[in-house]
Amino acid sequence: MKQIIAYLNEHKLEAVLLALERVEGVSGVSVIAVQGRGRSRASDPVELCDQDDDALRPKVKIELCCAAQAAEAIISAIEQSAHTGLRGDGKIYLLPVDEAVRISSGERGCRAV
């Protein structure tokens, strides 16, 4: 199993959720409002001065767990639907999940997801 965590712009959330509805293997998703900032990649000192590097930007964090074989399709759907081509589009992380337990039934593993 895998866990996918993605940070993206708030205005792209609806498009990402719609894209995930079309991907087999997505059984649910959690959405959390967050704030964050990244580091500047500007090489021009003037451009660096114009940026407000200390400002936190509103983002959304989505989390979901899936079978390992579904992870690439899910990542691709998120990447394509969240992409604007501008800096700050977000990040996607893929992590291993050792175990999942459905509290209501005691099911374990992929059946719990």
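Only residues that are part of a strand (DSSP E or B), more than 9 Å from the chain's Cα centre (by Cα) and free of Cβ contacts under 8 Å to residues at least 60 places away in the same chain were counted in region 53-71, giving 3. Do we have any residue at all in region 70-83 that's loosely packed, with under 13 Cβ neighbours inside 10 Å, of a type outside the set (Gly, Ala, Ser) and modelled with pLDDT of 95 or more? Within region 70-83 (the criterion being loosely packed, with under 13 Cβ neighbours inside 10 Å, of a type outside the set (Gly, Ala, Ser) and modelled with pLDDT of 95 or more), the answer is yes, since at least one residue qualifies. Close contacts from region 85-106, counting a first residue that is on the phi > 0 side of the Ramachandran plot and surrounded by 13 or more Cβ atoms within 10 Å (Cβ to Cβ) and a second that is outside any loop (DSSP other than H, G, I, E, B) and of a type in the set (A, V, I, L, M), with Cβ to Cβ under 8 Å and a gap of 6+ residues or different chains, come to Gly90/Ala6; Gly90/Leu8; Gly90/Ala82.
Residues that are at pLDDT 95 or above and charged (D, E, K, R) are absent from region 34-41 altogether. Residue pairs whose Cβ atoms lie under 7 Å apart, sitting 6 or more positions apart in sequence or on different chains, and linking a residue in region 1-29 that is farther than 26 Å from Arg102 by Cβ and touching a residue at least 60 places away in the same chain (Cβ under 8 Å) to a partner that is outside any loop (DSSP other than H, G, I, E, B) and of a type in the set (Lys, Arg), are Tyr7/Lys59; Tyr7/Lys61; Tyr7/Lys91; Leu8/Lys59; Asn9/Lys59.
The values are calculated or read from the model by the stated rules, or taken from the named source; none is laboratory data. Here the structure is a predicted model, which means the values were calculated and not measured. A quick note on method: Cβ atoms are made from the backbone with ideal geometry, for glycine too, and the neighbour counts reach across all protein chains shown.
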